[in-house]
Amino acid sequence: QTDVANKTVLVRVDFNVPLGDDGMLDSKETFRIDASLGTIRHLAGAGAKTIIISHIGRDKNESLLPIAEYLKTIIPIRFIATWDMEIIKSAIESMTSGEVLLLENLRQNKGEEENDQKFASRLSTFADMYVNDAFAVSHRPHASVVGVTEFLTSYAGLLMQREIANLSKVMSAPEHPFLFILGGAKFDTKITLIRKFEKIADEIFI
């Protein structure tokens with residue numbers, strides 16, 4: 001808990017959801033977006049100026065515009081479809097208490113995945129504090145996840161706290177029988193996870 005009234009808060013979320021062949025957001029693929037709404041609504045309701053950042057897809061030209069269009073049906077939000085720093089800073093300077101801003105796909109910046117200190121420092125100039133609510137990407141050494149924390153006071157979002165609490169419960173005192181189900185395409189990154197859970201779970205389904 002901290003006072004965020006009239007403070008500008010940079011919030012890293014995970015809006016990396018699959019888009020259809022038409023480039024539109026499928027109504028069945030909104031779970032990740034909806035999961036972070038609690039943190040966004042909390043900040044806006046407390047009077048913060050909230051700046052949301054995320055990546056989407058592997059194609060660095062992919063846009064968060066479909067996500068912005070979906071969010072606009074739920075909460076008042078402004079989308080900045082560029083990484084022109086002057087335009088972004090102008091938009092931030094004009095923000096009022098409780099307003100929410102969504103920036104374009106982080107990975108359109110080379111410095112994001114390289115955890116470039118200059119890019120992380122530039123991100124940090126947008127806000128007074130940082131909130132990580134992107135549990136699914138928190139293992140990645142990227143500028144918006146790791147680098148920015150060296151410049152801003154940092155907090156865990158509501159979703160992040162919930163994910164950690166649930167995972168801690170499973171790891172420390174799981175109920176049995178315990179079935180562990182693992183999915184995902186990047187199998188080589190999951191070997192360590194499988195080895196860990198084979199000592200805890202009764203069955204593992206892959």
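Relative to the longest principal axis of the chain, what angle (0 to 90°, nearest 10) does the C-alpha long axis of helix 158-172 take?
Computed tilt is about 20 degrees.
Based on the alpha-carbon gyration tensor of segment 69-168 and its eigenvalue square roots a ≥ b ≥ c, which shape applies: rounded if a/c is under 1.5, prolate if not and a/b is larger than b/c, or oblate?
On the way: a/c = 1.67, a/b = 1.16, b/c = 1.44.
Verdict is oblate for segment 69-168.
Compute the relative contact order of segment 76-206 as a whole-number percentage, counting only Cα pairs closer than 8 Å that sit 6 or more residues apart in sequence. List each step's numbers first, then the result.
Numbers: 136 pairs, mean separation 22.7, N = 131.
Relative contact order, segment 76-206: 17 percent.
Given +1 on the Cβ of Lys and Arg, -1 on the Cβ of Asp and Glu, and no further charges, what dipole in debye does the chain carry about its Cα centre, rounded to the nearest 20?
On the way: 23 positive and 28 negative charges, 80 e Å.
Its charge dipole is roughly 380 debye.
About its Cα centre, what dipole magnitude does segment 74-186 give when the only charges are +1 on Lys and Arg Cβ and -1 on Asp and Glu Cβ, stated in debye to the nearest 20? All intermediate terms of the calculation are to be shown ahead of the outcome.
Numbers: 10 positive and 14 negative charges, 56 e Å.
For this selection, approximately 280 debye.
So which of K28/K169; K89/K110; K72/K110; K28/K190; K169/K199; K110/K190 end up more than 24 Å apart, counting from Cα to Cα? Working shown, then result.
Numbers: K28/K169 29 Å; K89/K110 19 Å; K72/K110 28 Å; K28/K190 26 Å; K169/K199 15 Å; K110/K190 26 Å.
With Cα atoms farther than 24 Å apart: K28/K169; K72/K110; K28/K190; K110/K190.
Show T8, T2 ordered by accessible area, largest first, where the area counts protein heavy atoms only and the probe is 1.4 Å. Intermediate values should be presented prior to the final figure.
Working: T8 15, T2 65 Å².
Ranking T8, T2 by accessible area, largest first, yields T2, T8.
Using a 10 Å Cβ count of at most 16 others and DSSP loop calls, identify the longest part of the chain lacking such trypsin sites (Lys or Arg not before Pro).
On the way: sites that count: K28, R58, K60, K72, K186, K199.
Excluding the exposed sites themselves, the longest stretch runs over 73-185.
Counting helices only, and only those DSSP H runs with n ≥ 4, report the 222 nm mean residue ellipticity of the chain as the sum of -39,500 (n - 2.57) divided by its residues, in deg cm²/dmol to the nearest 500. List each step's numbers first, then the result.
Values: 8 runs with 64 residues, N = 206.
Value at 222 nm, helices only: -8500 deg cm²/dmol.
By the gyration tensor of its Cα atoms, with a ≥ b ≥ c the square roots of the eigenvalues, what is the shape of segment 13-107: rounded for a/c under 1.5, prolate for a/b over b/c, or oblate?
Details: a/c = 2.18, a/b = 1.27, b/c = 1.71.
Note, shape of segment 13-107 comes out oblate.
At a Cα cut-off below 13 Å, give the aspartates and glutamates reachable from K186, other chains included and same-chain residues fewer than 8 away excluded.
Here the aspartates and glutamates satisfying the reach criterion relative to K186 do not exist.
Using a cut-off of 12 Å between beta-carbons, work out the net charge of the residues near Y130 (Lys and Arg +1, Asp and Glu -1, Y130 not included). Provide the component values of the computation, followed by the final result.
Details: positive: K7, R12; negative: D128, D133, E150.
Residues near Y130 contribute -1 overall.
In the chain, what % of DSSP beta bridges are antiparallel (nearest 5)? All intermediate terms of the calculation are to be shown ahead of the outcome.
Numbers: 1 of 23 bridges.
Around 5 percent of the beta bridges assigned by DSSP in the chain are antiparallel ones.
Taking the Cα centre of each part, how many Å lie between segment 56-107 and segment 124-166?
18
The values are calculated or read from the model by the stated rules, or taken from the named source; none is laboratory data. Not measured: the values here are computed from a predicted model. Quick reminder, even Gly has a Cβ in these numbers, built from the backbone with ideal geometry, and neighbours come from all protein chains shown. Each accessible area value is taken on the protein alone, full model and side chains, heavy atoms only, with ligands, DNA and RNA left out. Shrake-Rupley method; radii C 1.70, N 1.55, O 1.52, S 1.80 Å.
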